[in-house]
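Reviewing the structure listed below.
We did not get these values from a lab; they are worked out from the coordinates using the rules stated. Remember, it's a predicted structure, so these values are computed and weren't measured experimentally. No Cβ is skipped: glycine too gets one built from the backbone with ideal geometry, and neighbour counts run over all protein chains shown.
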Amino acid sequence: MRGMFLALDQGTTSSRAIVFDRDGTPRGLGQKEFPQYFPQPGHVEHDAAEILASQLTAADAAFGAAGRPNIEAIGIANQRETVVVFDRRTGAPVHRAIVWQDRRTRSVLDGLAVRADFVRERTGLPLDPYFSAAKIAWILDHVPGARVAAERGDLCAGTIDSWLVHRLSGGRVFATDASNASRTSLFDLRTGAWSDDLCDLFRVPRACLPEVRDTAGDFGTWADRGWPIRAVVGDQQSALFAHGCVTEGDGKCTYGTGAFVLQNAGPAMPKTRPGILSTVAWRLAGQTTFAREGSVLVCGAAVQWLRDQLGLVRSAAETEAIARSVPDSGGVAFVPAFAGLGTPWWDPDARGLIAGITRGTTAAHIVRATIEAMALQVDDVLLAAGRLARPAALHVDGGAAANGLLLEIQASLLGAPVVRPGLLEATAFGAFRLALLGSGAVRDIAALPALPGTAQIVPPTLSAEAVTALRERWATTVQRARSRGAN
């Protein structure tokens with residue numbers, strides 16, 4: 001009897017799990033939020049044990065909703081760059097996980113500025129606190145005895161995927177995949193392996209790093225349940241694979257906690273472009289496919305801020321109706337640079353700014369300005385990437401893609417339709433597709449199921465004059481939000 005497949009989608013604010021049948025139809029879903037910790041300005045942390053517990057809760061809910069089927073294989077997609085350092089034997093973390101949004105390593109990276117070109121040439125990444133290497137070094141430097149233990153190989157240091165694999169396998173497997181490894185600033189894109197030179201530069205002992213494996217393949221077995229783990233992939237690369245972007249030039253945008261535009265760059269390491277990252281999309285059967293990426297550090301997290309910090313909305317679902325209650329933002333512009341600015345600026349010291357407030361400004365104007373900011377940040381990415389990433393139509397996914405106004409504004413800025421799939425859970429679907437390959441259930445990429453449901457095509461709705469006004473107001477406000485030392 002044919003079984004089903006479990007996709008674990010470990011995100012920045014919640015863990016999700018979906019059970020798919022072989023045809024790609026969702027049969028059960030679970031989700032569990034977990035706490036965010038902000039010990040001081042610029043610091044963002046997670047409790048790794050709470051992440052694991054939330055993922056187990058979500059998996060149990062999905063498994064139960066699907067009728068407790070036979071699970072043939074698991075695929076894991078995860079928030080990238082967030083790091084956990086833990087005891088190799090017991091699995092106990094030595095410090096809270098440092099999240100990709102965290103800025104605490106800024107001063108350390110300033111001291112490495114003369115090596116920025118070397119790092120970009122090897123890794124495809126800029127020197128920015130966003131990436132993992134300096135976070136690992138910070139933990140080793142601030143936890144007594146941690147650096148010595150790491151050098152002995154008694155500690156493990158890795159991204160969230162490697163933590164989940166280690167814990168689910170009962171400590172038997174400590175491994176990551178090439179897509180996640182490429183986000184650490186320790187992985188040489190040219191050789192497809194950890195770099196001793198980069199480890200020395202960032203002061204990360206090679207002995208504490210996980211084994212790098214193909215994206216679809218053997219990552220051990222969930223020890224308590226006997227379910228094979230057959231795919232591990234970074235969440236954004238997973239969404240790219242979900243959309244079927246397996247041909248060079250194909251691309252997508254995911255609106256999540258941040259927003260990420262990825263474009264398949266083919267089998268050759270792409271040349272660097274100002275503000276644009278080069279990264280591994282996936283590695284299958286030893287063959288690497290690369291991607292170009294633009295990263296928006298705060299997207300859906302801005303809506304969460306409206307809800308949790310300001311109390312302007314009760315849920316993300318109501319933001320569209322609130323924003324549509326006014327014809328425009330009333331001159332308000334919001335740059336949600338809570339964690340600095342990503343593509344194309346890479347300005348970690350930029351800070352959030354709301355401008356243009358008058359006595360007549362209402363909550364609806366601020367909510368609409370937030371939705372506009374989500375689209376405008378993606379527009380900045382597309383403009384920085386140039387023609388290669390400004391497609392005839394933009395494929396989108398992620399929770400915020402349910403917001404029709406966001407997609408209308410995005411389409412208007414692009415001057416082309418935005419395509420929203422029938423299933424917005426693209427990250428989980430990509431992990432499922434890769435698990436099909438990793439388990440051998442499907443051996444040919446062309447035979448993999450496509451995203452289910454009927455896609456919706458959202459055309460541009462704003463006038464050319466409105467688009468120009470949006471961009472001009474945005475550009476002025478971004479310059480005010482940027483740090484004084486930024487170029």
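Here the simple spin-label model places points 7 Å from the Cα toward Cβ, and for ALA475 and ASP196 these points are separated by 4.9 nm.
The label-point distance for ARG120 and THR90, in a model that sets each label 7 Å from Cα toward Cβ, rounds to 4.4 nm.
Shown for SER325, SER107, SER14, SER179: other C-beta atoms within 10 Å of each C-beta, ranked fewest to most, produce the order SER107, SER325, SER14, SER179.
Alpha carbon centre of region 399-456 versus region 1-32: separation in Å? Taking the Cα centre of region 1-32 as reference, the centre of region 399-456 is 15 Å away.
Scaled against the 2.2 N^0.38 Å expected of a compact globular protein of N residues, the Cα radius of gyration of region 4-236 reads 1.00. Subtracting the Cα-Cα distance of ILE457 and ARG359 from 0.36 nm times their residue separation leaves 31.5 nm of extension gain. When the helices of the chain are scored as -39500 (n - 2.57) per DSSP H run of n ≥ 4 and the total is divided over every residue, the value at 222 nm lands at -9500 deg cm²/dmol.
Based on C-alpha pairs under 8 angstrom that are at least 6 apart in sequence, the chain has a relative contact order of 14 percent. Listed by chain and number, the lysines placed with their C-alpha closer than 21 angstrom to that of LYS271 are LYS252; residues fewer than eight positions away on the same chain are left out.
For a test of the definition: using alpha carbon positions, the gyration tensor, and the 1.5 limit on a/c, classify region 204-251 as rounded, prolate or oblate. Cα axes put region 204-251 in the oblate bin.
For MET4, MET269, the sequence from fewest to most other C-beta atoms within 10 Å is MET269, MET4.
Placing unit charges on each Cβ (+1 for Lys and Arg, -1 for Asp and Glu) gives the chain a dipole about its Cα centre, and among VAL204, THR57, ILE409 the Cα reaching farthest toward its positive end belongs to VAL204. Stretching VAL326 away from GLU248 to a fully extended chain increases their span by 24.0 nm, per 0.36 nm per residue minus the current alpha-carbon distance. With the convex hull drawn over the C-alpha atoms of the chain, the volume per residue is 132 Å³.
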